[in-house]
Amino acid sequence: MMPETKTAPKQHYLADLAGVPMNGHPAWLNALRADAAARFQKAEYPHVRMEAWRHTNIAPIVNTPYVSSLAPWPHRLTRNAIGEKLFGGDWLELVFVDGWFAPDLSRLVKEASGVYAGSLHDALGGPDATLAEPHLGKVLRGENAFTALNAAFMRDGALLHVPANTVLRQPVHLLFLSTGRRERLAAHIRNLLILGRNSQASLTVTYAGLSGDADYLNNVAEEIVLGENAHLDYCKIVNEGAAGNHLA
């Protein structure tokens with residue numbers, strides 16, 4: 001019999017947390033991660049006795065020792081190989097493989113002035129971190145163990161920032177591919193979507209598994225910040241592999 005969900009072991013995640021690099025990141029981000037790690041240690045996993053989770057048994061997930069993705073691996077994919085997953089046309093497409101941005105697979109057409117559409121990891125490592133700082137971790141505060149775990153581990157995901165009074169005319173496609181090449185991989189994906197007042201954007205987010213029998217976990221957290229009179233058309237498509245798991 002599997003152990004009770006809410007008391008399932010956390011040691012494998014705690015061991016991986018020790019390997020999360022802190023160098024080169026702003027102090028506020030390191031503080032956010034440290035606080036999230038502390039909350040994860042105290043929080044219980046969601047379980048069927050919680051009203052919001054009473055129809056969702058995640059015992060198989062919490063009792064599997066997933067290995068968290070701390071750095072990207074060579075993905076060996078090409079745009080031709082994933083062509084059926086791409087939207088093409090005039091879409092601005094950001095492709096992520098096993099939780100990490102893949103610029104060689106992405107299609108970064110010219111955006112409107114002041115718009116940032118790219119890797120959260122890249123933004124946090126440079127001057128664009130100022131776009132994320134006022135909002136990252138403010139919408140989601142770690143309501144459960146997996147949200148806290150995402151904040152502690154978050155390494156990459158998408159950052160979309162549309163400044164005030166701006167219409168992003170190209171639709172945006174965020175494509176998250178899971179290859180299944182690494183056994184029991186957990187990707188802690190954080191998307192931060194910020195639209196200033198009177199701004200507009202259209203976004204589709206797709207999660208797709210490339211291997212039907214690979215056991216993996218996408219632990220996704222998404223924060224959406226809309227200014228006054230901002231408008232975001234949003235669509236999410238989840239098509240994980242048969243043995244893949246998706247928490248959001």
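The values are calculated or read from the model by the stated rules, or taken from the named source; none is laboratory data. Not measured: the values here are computed from a predicted model. Backbone-built Cβ (ideal geometry, glycine too); neighbour counts: all protein chains shown.
Laid out as a table, the results:
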| item | result |
| --- | --- |
| Enumeration of residues in the stretch 30-65 that are touching a His at 6+ places or on another chain (Cβ under 7 Å) and in contact (Cβ under 8 Å) with a residue 12 or more places away in the chain | 65 |
| Any hit, the stretch 68-88, residues being over 20 Å from residue 176 (Cβ atoms) and modelled with pLDDT under 95 | no |
| Scope the stretch 201-233; condition part of a strand (DSSP E or B) and touching a Ser or Thr at 6+ places or on another chain (Cβ under 8 Å); matching residues | 207, 208, 209, 217, 218, 221, 231, 232, 233 |
| Within the stretch 210-245, considering residues that are under 11 Å from the mean Cα position of the chain (by Cα) and of a type outside the set (Val, Ile, Thr), the one surrounded by the fewest Cβ atoms within 10 Å (Cβ to Cβ) | 223 |
| Verdict on residue 228 being touching a strand residue (DSSP E or B) at 6+ places or on another chain (Cβ under 9 Å) and of a type in the set (D, E, K, R) | no |
| Test: residue in the stretch 180-200 that is in a loop (DSSP other than H, G, I, E, B), within 22 Å of residue 83 (Cβ to Cβ), touching an Asp or Glu at 6+ places or on another chain (Cβ under 9 Å) and among the basic types (Lys, Arg) | yes |
| Among (1) out of contact with any Asp or Glu (no Cβ under 7 Å at 6 or more places or on another chain); (2) surrounded by 14 or more Cβ atoms within 10 Å (Cβ to Cβ); (3) of a type outside the set (Gly, Ala, Ser) - the single one residue 51 does not satisfy | (2) |
| Residue ID - nearest to residue 27 (Cα to Cα), chosen from residues in the stretch 116-165 that are among the polar types (S, T, N, Q) and over 13 Å from the mean Cα position of the chain (by Cα) | 130 |
| Residue match in the stretch 113-120 (condition: out of contact with any strand residue (DSSP E or B) (no Cβ under 9 Å at 6 or more places or on another chain), surrounded by fewer than 20 Cβ atoms within 10 Å (Cβ to Cβ) and either under 23 Å from residue 207 (Cβ atoms) or not acidic (Asp, Glu) (or both)) | yes |
| Selection count where residues are under 16 Å from residue 199 (Cα atoms) and either of a type in the set (Phe, Trp, Tyr) or in a helix (DSSP H, G or I) (or both), scope the stretch 119-171 | 1 |
